[in-house]
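Asks: Got a structure here, written out as structure tokens. Questions coming.
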Amino acid sequence: MFLSPRLQKVADLVPDCHTLADIGTDHGYIPLYLIRQSRVKHAIAADINAGPLDKARRLIEHNKLSHCIETRLGNGLSVLLPGEADVIVIAGMGGVLISRILMQGVEAASKAYALILQPMTGQPELRRWLIQNGYGITDEELAKEGHRIYEIIVAVPNERTPEYEKDIFCDIGWKLIEKKHPLLKEWVESKIMGLKEILSRLENGKTEEAAARVEELKEKRRQYEEVYHCLIK
Ligand SMILES: C[S@@+](CC[C@H](N)C(=O)[O-])C[C@H]1O[C@@H](n2cnc3c(N)ncnc32)[C@H](O)[C@@H]1O
């Protein structure tokens, strides 16, 4: 079974376990792949929308795996009993939505031994939320599809990662720097370019608010450049 580079990295980060829950499963590829690889024994494929869940159910039935992959319709972690899932995957959603799902489903989230999170946006907000709410960030990965680089975060309840208390490491995952991730230089470069573009638009702003925002973004760019220079040394 072929997974896209993004989903492959998500799957690679799932530790072998008894029960995996994939929240916002859509097509159901992650549970299907991990069951077929015998990396998990039982999986719960959940989605808030009936359409995607039907798609997943049909794929699971087609692969004759209904006995080990359950489908559940519902919002976030409300579909799980606390302790039911050892590992929870939440991929392909915004970081703020992911943190809301974890907050609303704190009983299930805090009983899992790993959360594999793949935010499409709001990655700094998600990292910040995780460290402020007692989760340790134990690993991070990047995956490239076309021109886009995706971030994947592994979080563990009841752990602390002091590095992430520095705000810049909520933007650039510390674990990516630590492991000198091969895509990190390209990713940081693209962030610097993005900041330069925003700054060139904002620099004509006349209000005090615009001036403050420019200063804030310049400081952010300086911090990104500092990391970039360490990476090319
Ligand atoms: C863009 S798809 C991502 C699918 C898959 N996880 C992936 O990464 O390719 C997002 C899915 O999340 C589901 N979703 C959105 N909000 C949700 C929530 N609060 N609880 C469960 N599922 C949700 C949507 O219905 C949709 O199927």
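Asks: So which lysines can Lys206 reach, going by Cα to Cα under 24 Å and dropping same-chain residues fewer than 8 places off?
Replies: Filter leaves Lys196, Lys218, Lys220.
Asks: If each DSSP helix of 4+ residues adds -39,500 (n - 2.57) and the sum is divided by the residues in the chain, what number results at 222 nm, nearest 500 deg cm²/dmol?
Replies: On the way: 10 runs with 109 residues, N = 233.
Value at 222 nm, helices only: -14000 deg cm²/dmol.
Asks: Work out Dmax and Rg for the range 5-164 from the C-alpha atoms and quote the Rg first, both in angstrom.
Replies: Rg, Dmax (Cα atoms, Å): 14.6, 46.
Asks: Moving on. What figure in square angstrom, to the nearest 10, would you give for the accessible area of Glu165 with a 1.4 Å probe?
Replies: Around 110 Å² of this residue is reachable by solvent.
Asks: Taking the alpha-carbon set of the range 184-232, what are its Rg and Dmax in Å?
Replies: 11.9, 37
Asks: Same structure again: How would Tyr135, Tyr228 rank on accessible area, largest to smallest, probe 1.4 Å?
Replies: Tyr228, Tyr135
Asks: Just to confirm a number: summing +1 for Lys and Arg and -1 for Asp and Glu over residues other than Leu65 whose beta-carbon lies under 11 angstrom from that of Leu65, what do you get?
Replies: Numbers: positive: Arg36, Arg57, Lys64; negative: Glu61, Glu70.
Summing Lys/Arg as +1 and Asp/Glu as -1 gives +1.
Asks: Kindly sort Arg127, Arg100, Arg201 by accessible area of their heavy atoms, largest first, with the probe set to 1.4 Å. Walk me through the intermediate numbers first.
Replies: Numbers: Arg127 0, Arg100 110, Arg201 165 Å².
Largest accessible area first, the residues go Arg201, Arg100, Arg127.
Asks: Heavy-atom accessible area of Val96 with all protein chains present, probe 1.4 Å, nearest 10 Å²?
Replies: In the full protein context, Val96 sits at about 80 Å².
Asks: Let me ask something additional. Determine the percent antiparallel among the DSSP beta bridges restricted to the range 5-164, to the nearest 5.
Replies: The answer is about 40 percent antiparallel.
Asks: For Ala212 and Gln37, what is the calculated FRET efficiency with R₀ set at 45 Å and r taken between the beta-carbons, to the nearest 0.05?
Replies: Values: r = 51 Å, r/R0 = 1.12.
According to the calculation, E is roughly 0.35.
Asks: I've got another one for you. Let me check the size of the range 14-78 from its C-alpha atoms; what are the radius of gyration and Dmax in Å?
Replies: Taking only Cα atoms of the range 14-78, I get Rg and Dmax of 10.5, 29 Å.
Asks: Please give the Cα centre distance for the range 1-56 versus the range 148-202, rounded to the nearest Å.
Replies: When both Cα centres are located, 25 Å separates them.
Asks: Okay, moving on. Short version: ³J(HN,Hα) in whole Hz for each residue of the range 177-186, in order, from phi by Karplus 6.51 cos²θ - 1.76 cosθ + 1.60 (θ = phi - 60°), x for Gly and Pro, what are they?
Replies: 6, 4, 8, 6, 4, x, 9, 5, 4, 4
Asks: Could you derive backbone 3J(HN,Hα) for the range 125-135 from the dihedral phi with the Karplus parameters 6.51, -1.76 and 1.60 (θ = phi - 60°), listing whole Hz in sequence and x where the residue is Gly or Pro?
Replies: 4, 5, 4, 4, 4, 4, 5, 6, 10, x, 9
Asks: On to the next question. Might you tell me the accessible area per residue for the chain, computed with a 1.4 Å probe and given in Å²?
Replies: On a per-residue basis, 51 Å².
Asks: Continuing with the same structure: Assuming R0 = 41 Å, what is the FRET efficiency of Arg201 and Phe2, from their Cβ-Cβ distance, to the nearest 0.05?
Replies: Working from the Cβ atoms, E equals 0.55.
The values are calculated or read from the model by the stated rules, or taken from the named source; none is laboratory data. Computed from a predicted structure; not experimentally measured. Virtual Cβ from ideal backbone geometry, glycine too; neighbours counted across all protein chains shown. Please note that ligands, DNA and RNA were not included when accessible areas were found on the heavy atoms of the full protein model with its side chains. Shrake-Rupley method; radii C 1.70, N 1.55, O 1.52, S 1.80 Å.
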